[in-house]
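Structure first, then comments.
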Amino acid sequence: MPKIILRSPDGNTHTVDARVGASVMETAVKHGVPGIVAECGGALSCATCHVYVSDSCLERAGAAEDFEDEMLDDATSERRPNSRLSCQIRMSDELDGLEVEIAPEQ
Amino acid sequence: MDTVTTETETGTLIVGAGEAGLGIAVALRNAGYTAPVTITGLEADPPYQRPPLSKEFLAGEMDEENLLLRADDFYQDKDLRLLTNAHIEDIVLDEDSAGGTATTSAGHAIHFDGLALATGASPRRLPVPGGDLDGVCYLRDIPDARRLRTLLPGATRVVVVGGGYIGLEAAAVARGRGLDVTVVETFDRLLQRVAAPPISEFFRTAHEKRGAKVLLGASVTALRGSAGSVSGVELSDGMVLPADLVIIGIGVEPRIELAQKLGLDCGRGIIVDDAARTSNPAIVAAGDCTMQPHPLYPTESICLESVQNAADQAKVAAASLMDGPRPERAVPWFWSNQADIRLQIAGLSMGFDDYVIRGEPGTEQFTVLYYRDGRLIAADAVNNPHDFMAVKRALAKGATIDPTDAHNTGLPLKTLIREI
Ligand SMILES: Cc1cc2nc3c(=O)[nH]c(=O)nc-3n(C[C@H](O)[C@H](O)[C@H](O)COP(=O)(O)OP(=O)(O)OC[C@H]3O[C@@H](n4cnc5c(N)ncnc54)[C@H](O)[C@@H]3O)c2cc1C
Ligand code: FES
C-alpha cells in the first residue's frame, strides 16, 4: 500500500496507508487526520481539502486541471504554486511516500 | 427474535448512521465528550456518502470502499460504538431524567442518557400500479445503487421519473452510457421546486443536447410490465413510453416515525430550533429528518436535504447535547454534477422575488443570482467556481452584491461584494 505523509496544521505528522485508487483526501479523512474538512466528500465543489504538495513530489502528483485551478484561486488559505485539492490526487504505487502539508484554514 | 439482552452502559444514543449521525458522534468526541457514544443504523453498511450514488458510483468511477465516510479503525480510535443492521423500533423515556431505553427490532435494549435523532429521509414512492415490477428502481442507498449499476449494462431504454437533481444526475449517467433516456417531469419545467426558470431551461437544453428526451407537464399513471418486468411507462394523456429500466426520483419524506412515537412536534420533518433541539429540549435532531427555522427568515420553516446541512446541524446538535454554546452556522450550499456540467449552489434561493442572469446560458458557463427584497440570498453557478465562491463568501459575511452590476461579467463578482 502506498504511504502518504501529511503534516497537519497542529504541527503533527501523520503517515497513513492508502488504498490504490483512493484520493489523498479520502485516505486522510477516513483515518481521522485533522485539518482536511472535505465538505463535498471529493466532488470538487468545496475547496476545503486544500494541501501543499512538497516540492520533491510535485511532478509525480501532477498539476491541477482547470476547474480545480479556479477553485484554488478562492481557497481560504493562501494559494501557492504547489497548492492542490487533495480529493483530486488519486493514489497509485508511483505516489508512494507522497508528502503534503494541509493548508491551515479550509 | 426472542433473546433480550440488556446493555448496562449509558451515554449518548444516536439513531441513524448517516452523515448527520456520524457528524454528531465526531463532534461529541471533538468537544471532549468521554461517555459512551452508540450510533445505530438500520442499514448493513457503515456511514457512507450518498451523493456519488447518482453520480460517480453509478457511472462506475467509484467503488463501495470509496463511499465509506470513515475507516473501521476510526470508530475504535474514537471509541464510538457503531451498530449496523440495528433498527431502533421503539424508545421509552425515563420519567425523571433525560435518559431512556431504546429497543431494536432484534429485541436488543440500549439505555441512554442523551438522545439524538438522525433518521434521515426515505424516497417518496410513486403511487401508481406496477411499482413493484422488476426494473423499477429508486436511488437512496447502496443496495439501490448497486442494483441500478447491475441493471444499466443490460438496459436499452431508460425512463427517469422526476426532473429533480437525483433524477437528472442518473439520467446523465445513463445517457453517458449511450442508452435511450427520457426524463418525465410533472411540472412545466425541470428543478421546479429548487431553481429559477433560466436554470430549468438551461438543464433541459443541456440534457437534450446530450441526447436525452425531456417531457414536461407529463404525469405517470401506471408502469406496465410483461413477465414481471417493466416494459413501459404510461402517461396521463394515454401515451406509453417503452422502457426496460425506470428510475424514480420524486423527492423524499423525512423519517419522523420515532419522533412521533416520542410525542415530539413534527411537521413535514421533526421540528427543531436553531440549536437543533426538538420540542423536548433534551432530545436533539439533525439532517434530512428535521424541519428548521430558515437561517435568514426564522419565522419560515424549511426542510433541507444536503450533506452540508447534515454536517453543520450535527455540530450544533452535539453542542446542544453538551449544553455548550451554539456554533456559528455556515452558509448552506449544495452541488450537482450532471455529465460535464458542474452546478454549485450557495445560499437558499427559496422565496426569491428577483434574479439576475450573469453570463450566457448557451455557453454552459453562467450564474443566476437570487434576490429577496433587494438582498442577495443565493446563487446557482454553472461551471463557474469563481462566482460560486464569491457569493458563498458574501453570504457568510452577511453582505450583498448589487443587482445592477451583477450581470456584468467584466467585473469579477468578488469585487462587487457590499456590506448591507
Ligand atoms: C442519490 C443521492 C444524491 C445526492 N446528492 C447530493 C449532492 O450532490 N449534494 C448534497 O449536498 N446532498 C446530496 N444528497 C443528499 C444527502 O445525501 C443527504 O442530505 C444526506 O445524506 C442526509 O444525511 P442524514 O444523515 O440526515 O440522513 P441519511 O443519510 O438518510 O441517514 C439516516 C440513516 O438513518 C437510518 N435510520 C432511519 N431510521 C432509523 C431507525 N429507526 N433506526 C436505525 N436507523 C435508522 C437510515 O437507514 C439511514 O441510514 C443526495 C442524496 C441522494 C440519495
Ligand atoms: S473535498 Fe470538496 S473539493 Fe475536495
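What follows draws every value from the coordinates through simple rules; no lab data is involved. Model, not experiment: these values are computed from the prediction. Cβ atoms come from the backbone with ideal geometry, glycine included; neighbour counts cover every protein chain shown.
Over the protein assembly as shown, what per residue volume does the convex hull of the Cα atoms give, in whole Å³?
Convex hull of Cα atoms, per residue: 164 Å³.
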At q = 0.15, 0.30, 0.32 Å⁻¹, what is the log10 ratio I(q)/I(0) for the range B:191-232, with the Debye formula run over Cα points and no solvent? -0.56, -1.01, -1.06
Neighbour-count ranking for A:Lys30, A:Lys3 (other C-beta within 10 angstrom, fewest to most) reads A:Lys3, A:Lys30
Once both labels are modelled 7 Å past Cα along the beta-carbon direction, what's the B:Asp45-B:Asp402 spacing in nm? 4.9
In whole percents, the bins of 10 Å from zero upward hold the Cα-Cα pairs of chain B as 5, 20, 27, 26, 17, 5, 0, 0
Above-threshold pairs, the threshold being 21 Å between Cα atoms, out of B:Lys78/B:Lys392; A:Lys30/B:Lys78; B:Lys392/B:Lys414; A:Lys30/B:Lys392; B:Lys78/B:Lys315: B:Lys78/B:Lys392; A:Lys30/B:Lys392
CD proxy, 222 nm, chain B: helix-only mean residue ellipticity via -39,500 (n - 2.57) per DSSP H run with n ≥ 4, per residue, nearest 500, stands at -6500 deg cm²/dmol
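Length gain on complete extension for the stretch B:Arg146 to B:Thr221, per 0.36 nm per residue less the alpha carbon to alpha carbon distance?
Value of the extension gain: 24.3 nm.
Where nothing but the Cβ of Lys and Arg (+1) and of Asp and Glu (-1) is charged, how large is the charge dipole of the range B:132-265 around its Cα centre, in debye to the nearest 20?
For the range B:132-265, the charge dipole is close to 440 debye.
So what's the projected area for the range B:319-373, the Cα convex hull averaged over all directions, in nm²?
That works out to 6.3 nm², a quarter of the Cα hull's surface.
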How long are the semi-axes of the ellipsoid equivalent to the range A:3-102, from square roots of 5 times the Cα gyration tensor eigenvalues, in whole Å, largest first? 18, 15, 13
Checked against the positive end of the charge dipole of the protein assembly as shown (+1 on Cβ of Lys and Arg, -1 on Cβ of Asp and Glu, about the Cα centre), the farthest of A:Gly97, B:Ala330, A:Val20 is B:Ala330
Among B:Pro242, B:Thr150, B:Ile270, whose Cα sits farthest toward the positive end of the charge dipole of chain B (+1 at Cβ of Lys/Arg, -1 at Cβ of Asp/Glu, about the Cα centre)? B:Pro242
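With +1 on each Lys and Arg Cβ and -1 on each Asp and Glu Cβ, and nothing else charged, work out how big the dipole of the protein assembly as shown is about its Cα centre, in Debye to the nearest 20.
With Lys and Arg at +1 and Asp and Glu at -1, about 880 debye.
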Label-point gap, in nm, between B:Gln192 and B:Asp90 - each point 7 angstrom along Cα→Cβ: 4.2
So the compactness index of the range B:324-420, its C-alpha Rg divided by 2.2 N^0.38 Å, takes the value 1.06
Can you give the Rg to Rh ratio of the range B:177-336, both from alpha-carbon atoms, with Rh computed by the Kirkwood formula? 1.09
What is the packing order of peptides B:406-418, B:239-251, B:205-217, taking the mean over residues of other C-beta atoms within 10 Å and listing the highest first? B:239-251, B:205-217, B:406-418
More than 24 angstrom apart: percent of Cα pairs within the range B:126-254: 21
How big is the charge dipole of the range B:340-418 about its Cα centre, in debye rounded to the nearest 20, if each Lys and Arg gets +1 on its Cβ and each Asp and Glu gets -1 on its Cβ? 420
